[in-house]
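Below is one structure, written out as structure tokens; comments come after it.
Just so it is clear, none of the values below were taken in a lab; they were calculated from the coordinates. Being a predicted model, the structure only gives us computed values, none of them experimental. Here the Cβ positions follow ideal geometry from the backbone for every residue, glycine too, while neighbour counts run over all protein chains shown.
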Amino acid sequence: MNLLLQDLLMQWPLAPQYTANPIFPDMISAMLVALLIAVGMNFAFAMLRKKTTDIEKMNRVMKETNEWRKQYTDAIKKQDKPRIEELKKKQAYVNKMALEMQQQQMRPMFIYMIPSFLIWILVFPAIFGATVSLSPIYIPWITCSDENVQTDTQPKLDENGQPVINPDGGTTLNGPCRLPGQVYLWGWFLITSFGFSGVISKVTKTSMPSITG
């Protein structure tokens, strides 16, 4: 299934074209530079969110929304019909505020998405290649499996069934995986972005409120 998905993605017209000769050829430098770029992009997104979002208002709205949900749930559990009817009168207002909050959250994401997408397609594959790190554990979709390595290290064949020769005179292989546990470029960015997003949100004071049950 993993291999099938990769094949389908690579047939997509805008699929990234990973270089065979990355600017950062060794795994340590590639891993560290990719980490710094991921943190930098996360920080840029946080600052964009700070400029385009009224975070204080969102926090107030979400505090009010969560309080309403808590009271409404409690009233239903207690079968307090007068209280339920009273709270229902405020439901339209609460839903409207929640929708506005979602729109506020999506605005910077849409602004950020297009340049980020272009960088991912046109720039990063040419700088790093397809893999940048090594994980001690297998993570589906993010790291190379034994099956990926077995398939990727086979010669790539042309339409006549002959091995494809690269510009250096060597045989082109099917894919980037050489060792089990190698982390795909996008997977490393995903891991580092999630790992640092909380810290960056606290530093820039751009933590997003959430709806609690």
| note | Relative contact order of segment 1-152 (C-alpha contacts under 8 Å, at least 6 apart) in percent is 48
| said: Given the DSSP H assignment, sum -39500 (n - 2.57) over each helix run of at least 4 residues in the chain and divide by its residue total; what's the result at 222 nm in deg cm²/dmol, nearest 500? | reply: -20500 deg cm²/dmol
| Packing-based exposure ordering (other Cβ within 10 Å, fewest first) of Asp26, Asp74 | Asp26, Asp74
| note | Once amide hydrogens are built 1.01 Å from N within the peptide plane, the residues lying 5 or more places from Ser133 or on another chain with amide H under 5 Å from its amide H are Val183
| Of Leu122, Leu173, Leu185, how do they rank once you tally other Cβ atoms within 10 Å and put the fewest first? | Leu122, Leu173, Leu185
| said: Please check: in the Gaussian network model of the chain (C-alpha springs, under 10 Å), which one of Gly198, Gly187, Gly169 has the largest mean-square fluctuation. | reply: Gly169
| Can you sort Leu36, Leu87 by how many other beta carbons sit within 10 Å, fewest first? | Leu36, Leu87
| Given the options Ala38, Ala130, Ala98, which has the most mean-square fluctuation in a GNM of the chain, springs set between C-alpha atoms less than 10 angstrom apart? | Ala98
| request: Determine ³J(HN,Hα), in whole Hz, for all residues of segment 36-48 in sequence, where each value follows from phi through the Karplus function 6.51 cos²θ - 1.76 cosθ + 1.60 and θ = phi - 60°; x replaces Gly and Pro. | output: 5, 5, 4, 5, x, 5, 5, 5, 4, 5, 4, 5, 5
| request: Collect residues whose amide H, placed 1.01 Å from N in the peptide plane, falls under 5 Å from the amide H of Ile165; neighbours closer than 5 in sequence don't count. | output: Thr172
| task | Binning at 5 Å from 0, report for segment 46-167 what percent of all alpha-carbon pair distances ends up in each bin. | result | 2, 8, 10, 9, 10, 9, 9, 8, 8, 8, 6, 5, 4, 2, 1, 0
